[in-house]
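S.K.: Quick one: this structure, given as structure tokens, is what I'll be asking you about.
Where a number appears in this text, it was derived from the coordinates with a stated rule and is not lab data. This one's a predicted model, so the numbers in the text were calculated from it and none came from an experiment. Here the Cβ is made from the backbone with ideal geometry for all residues, glycine too, and neighbour counts use every protein chain on show.
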Amino acid sequence: AKIECQSSVIAPTPLTDADIEQADAIVIAANTTVDTSRFVGKKVYQAEISAVAKDATAFLTTAVESAATLEQATTVEAPVESASATKKIVAITACPTGVAHTFMAAEALEEEGKRRGHQIKVETRGSVGAKNQLTDQEIADADLVIIAADIEVPLDRFNGKKMYRTKTGPALKKTAEEMDKAFEQATIYQHSGAASSASATDEKKGAYKHLMTGVSHMLPVVVAGGLIIALSFVFGIEAFKEEGTLAAALMTIGGGSAFALMIPVLAGYIAFSIADRPGLAPGLVGGMLASSTGAGFLGGIAAGFIAGYAAKLLADKVKLPQSMEALKPILIIPFVATLFTGLVMIYIVGGPVSGIMNGLTDFLNNMGSDSAVLLGIILGAMMCFDLGGPVNKAAYAFGVGLLASQTYAPMAAIMAAGMVPALGMGLATFLAKNKFEPNEREAGKASFVLGLCFISEGAIPFAAKDPMRVIPSCMAGGALTGALSMLFGAKLMAPHGGLFV
């Protein structure tokens, strides 16, 4: 049997004229229209791919029995965009942590664009800032703008350009499909001056994106603070209590300063994501109040949304004479939104949320081994469910938030479980080489290194190819790892770094 594969992922393997001439029957399994002009006069059977997946043996038996001589061919016209001249594409990728998804999605878009013969440049907005930045001329010349971002990114540069917005996950896992959608569904972008989209659909998705924007800006503060605190413990677990020592200085930097900024930065950048710069000041103040009232990261999240939407409401609804309009972003909005957020946090939100946080902290610190193991199983499975997606990020944000309450065990379970998918797939390609293709074995080496660094996304190429085997096995390993971490009482103060922390 000879097989021709028509795919945007796998290199084409066309049937030769001799193959077609010698064939007793031609079987076509496709969910799209196939050009059959080559097969006129031959026995042909056509069905959907799902029929093959359901029962390949029965499918072939039916195909041989039901194949009929093809009298009239079906022709397929080339897609308009594919047949047209080379397009100039610019894109931006960004994810909450700014590590794996940002750069892997950028690479996938670049490869797909070049494969189609287009000129493409991708700006990455990662943990080290914007790289490969787009120039004004490149944006002006672009036929299409693709924004693959899980957090808010500034879009005012693209006013009046055709734009398609998606997330890093689809851009990485379904690159060809997303590229097709970009050409088909792109619309002219009109910048309104606000960070969030005006459409109802985007607004529903906005809450998660705003939260992840806050988390992404908070992470460097938490990582730096956690590592500096860990350095202070090198001199002894309680060495920092002795004033004037290096250990005490390190604890002051990490615990007294960096960790003190954690919740204000979270709240400030949630508000920034919602209302742009006018939301930053009320968000920072609200976050500081959440920290001082004991409301913890839950209070910080609440403060960020309260401040952000208060500032946005003022920006959209308050109309002033043209001569006073310039005062809105630097005086009126920060003053009124900060006052409103502060009063709400002190008199309404602070007390109840503080009680919830205290209860949660007491429960986590005093729970028995059975409850701890169950929590480890849940967090571990969540970390491995979607490899950097919303469920993974929710578990991670939960662990990071608890660091502000000096609750360190969940973070250890989360990091240990998050290393499992990439490490596991890397080890699998080494221990069972005959089950993997050469390119997969090479990807396994990179996956192993990424796993050591607590970057779960190294397993994505394997999960995309065989999700029904890879994801459940990763979840099982992650759940076991999380359970063991909680059972052994492991603790971790730095939320990133993997083996190196």
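S.K.: At a 10 angstrom cut-off on C-beta neighbours, averaged per residue, how do the peptides 101-107, 378-384, 257-263 rank from highest to lowest? Spell out each step's value before the answer.
M.R.: Working: 101-107: 24.7, 378-384: 26.3, 257-263: 20.9.
The most tightly packed comes first, giving 378-384, 101-107, 257-263.
S.K.: Within straight cross-link reach of LYS162, meaning Cα distance under 12 Å, which aspartates and glutamates are found once same-chain residues fewer than 8 apart are removed?
M.R.: Partners within reach: ASP141, ASP143, GLU184.
S.K.: Excluding residues fewer than 8 places away in the same chain, name every one of the lysines whose C-alpha is closer than 30 Å to that of LYS43.
M.R.: Cross-link targets: LYS2, LYS54.
S.K.: In square nanometres and to one decimal, what's the mean projected area of the convex hull around the Cα atoms of region 1-76? If you can, show how the numbers build up before the last one.
M.R.: Details: hull surface 20.8 nm².
Seen from a random direction, the Cα hull of region 1-76 projects 5.2 nm² on average.
S.K.: Along the Cα→Cβ direction, 7 angstrom out, place labels at TYR347 and ALA207. What is the inter-label distance in nm?
M.R.: The two pseudo-label positions are separated by 2.6 nm.
S.K.: For the ranges 290-299, 352-361, what's the packing order if you count other beta-carbon atoms within 10 Å of each residue, average per peptide, and put the highest first? Write out the running numbers ahead of the final one.
M.R.: Values: 290-299: 22.9, 352-361: 15.8.
Most protected by this proxy first, the peptides run 290-299, 352-361.
S.K.: Let me ask you something else. Can you tell me the FRET efficiency between LEU427 and LYS319 if r is taken as the Cβ-Cβ distance and R0 is 60 Å, rounded to the nearest 0.05?
M.R.: E(calc), rounded to 0.05, equals 0.45.
S.K.: If I model a spin label as a point 7 Å beyond the Cα along the Cα-Cβ vector, how far apart are those points for THR245 and ALA73 in nm?
M.R.: For the pair THR245/ALA73, the computed spacing is 8.5 nm.
S.K.: By per-residue mean of other Cβ atoms within 10 Å, what is the highest-first order of 135-146, 316-327, 44-55?
M.R.: On the way: 135-146: 16.1, 316-327: 9.3, 44-55: 14.0.
Averaged packing, sorted descending, gives the order 135-146, 44-55, 316-327.
S.K.: So, one more: Restricting to the chain, compute how many DSSP beta bridges are antiparallel as a %, nearest 5. Don't skip to the end; give the middle numbers.
M.R.: Details: 7 of 27 bridges.
DSSP beta bridges in the chain are roughly 25 percent antiparallel.
S.K.: Shifting gears a bit: Among the lysines, which have Cα under 19 Å from the Cα of LYS393 when same-chain residues fewer than 8 positions away are ignored?
M.R.: Hits, sequence-local ones excluded: LYS167, LYS173, LYS204, LYS205, LYS209.
S.K.: Quick check on the chain: helices-only [θ] at 222 nm, where DSSP H runs of length 4 and up contribute -39,500 (n - 2.57) each and the sum goes over total residues. Nearest 500, please.
M.R.: Working: 22 runs with 283 residues, N = 501.
My calculation for the chain gives -18000 deg cm²/dmol from helical runs alone.
S.K.: Could you work out how far helix 333-344 tilts from the main Cα principal axis of the chain, as a 0 to 90 degree angle to the nearest 10?
M.R.: 70 degrees
S.K.: For region 200-353, just say rounded, prolate or oblate: build the C-alpha gyration tensor, square-root its eigenvalues into a ≥ b ≥ c, call rounded for a/c under 1.5, and beyond that prolate if a/b exceeds b/c, oblate if not.
M.R.: On the way: a/c = 2.44, a/b = 2.23, b/c = 1.10.
Taking the square roots of the gyration eigenvalues as a ≥ b ≥ c, region 200-353 is prolate.
S.K.: Hey, of [x] 27.2, 93; [y] 25.5, 82; [z] 23.0, 73, which did the structure itself give for Rg and Dmax of the Cα atoms in Å when calculated?
M.R.: For Rg and Dmax of the Cα atoms in Å, the calculated option is [x].
S.K.: Still on this structure, I have one more. By how many nm would the segment from GLN185 to SER257 lengthen if fully extended, with 0.36 nm per residue of separation less the alpha-carbon distance?
M.R.: Values: separation 72, 0.36 × 72 = 25.92 nm, distance 4.72 nm.
Length difference between fully extended and current span is 21.2 nm.
S.K.: With labels modelled as points extended 7 Å from the Cα through the Cβ direction, what inter-label distance (nm, one decimal) is found for VAL52 paired with ASP17?
M.R.: 2.6 nm
S.K.: Residue separation times 0.36 nm, minus the C-alpha to C-alpha distance between GLU107 and ALA326: what's the value? List each step's numbers first, then the result.
M.R.: Details: separation 219, 0.36 × 219 = 78.84 nm, distance 4.16 nm.
Result: 74.7 nm gained on full extension.
S.K.: Could you line up ILE253, ILE330 from fewest to most neighbouring Cβ atoms inside 10 Å?
M.R.: Ascending number of Cβ neighbours within 10 Å: ILE330, ILE253.
S.K.: Assuming R0 = 41 Å, can you tell me the calculated FRET efficiency for the pair ILE28 and LYS114, based on Cβ-Cβ distance, to the nearest 0.05? Walk me through the intermediate numbers first.
M.R.: Values: r = 30 Å, r/R0 = 0.73.
About 0.85, to the nearest 0.05.
S.K.: How long is the gain from LYS88 to ALA230 if the chain were fully straight, where each residue apart is worth 0.36 nm and the alpha carbon distance is subtracted?
M.R.: Numbers: separation 142, 0.36 × 142 = 51.12 nm, distance 4.84 nm.
Taking 0.36 nm per residue and subtracting the Cα distance, the gain is 46.3 nm.
S.K.: Are any of the pairs LYS88/LYS121; LYS88/LYS181; LYS88/LYS114; LYS88/LYS161; LYS114/LYS445 more than 20 Å apart by Cα-Cα distance, and if so, which? Provide the component values of the computation, followed by the final result.
M.R.: Details: LYS88/LYS121 8 Å; LYS88/LYS181 16 Å; LYS88/LYS114 11 Å; LYS88/LYS161 12 Å; LYS114/LYS445 26 Å.
Exceeds cut-off: LYS114/LYS445.
S.K.: Also, I was wondering about something else. Please identify every one of the chymotrypsin sites (Phe, Trp or Tyr not before Pro) in region 331-362 that sits in a loop by DSSP and has no more than 13 other beta carbons within 10 Å of its own beta carbon.
M.R.: Values: sites: PHE335, PHE340, TYR347; in loops: none.
Here no loop site has a sparse enough neighbourhood.
S.K.: Go through the chain and flag any cysteine with no other cysteine's C-beta closer than 4.7 Å, please.
M.R.: Isolated Cys, the chain: CYS5, CYS95, CYS453.
S.K.: I'd like the FRET efficiency for ILE237 and ILE356, computed as 1/(1 + (r/R0)^6) with the beta carbon distance as r and R0 of 25 Å, rounded to 0.05. Show your work: numbers first, answer last.
M.R.: Details: r = 30 Å, r/R0 = 1.20.
Efficiency, from the Cβ-Cβ distance: 0.25.
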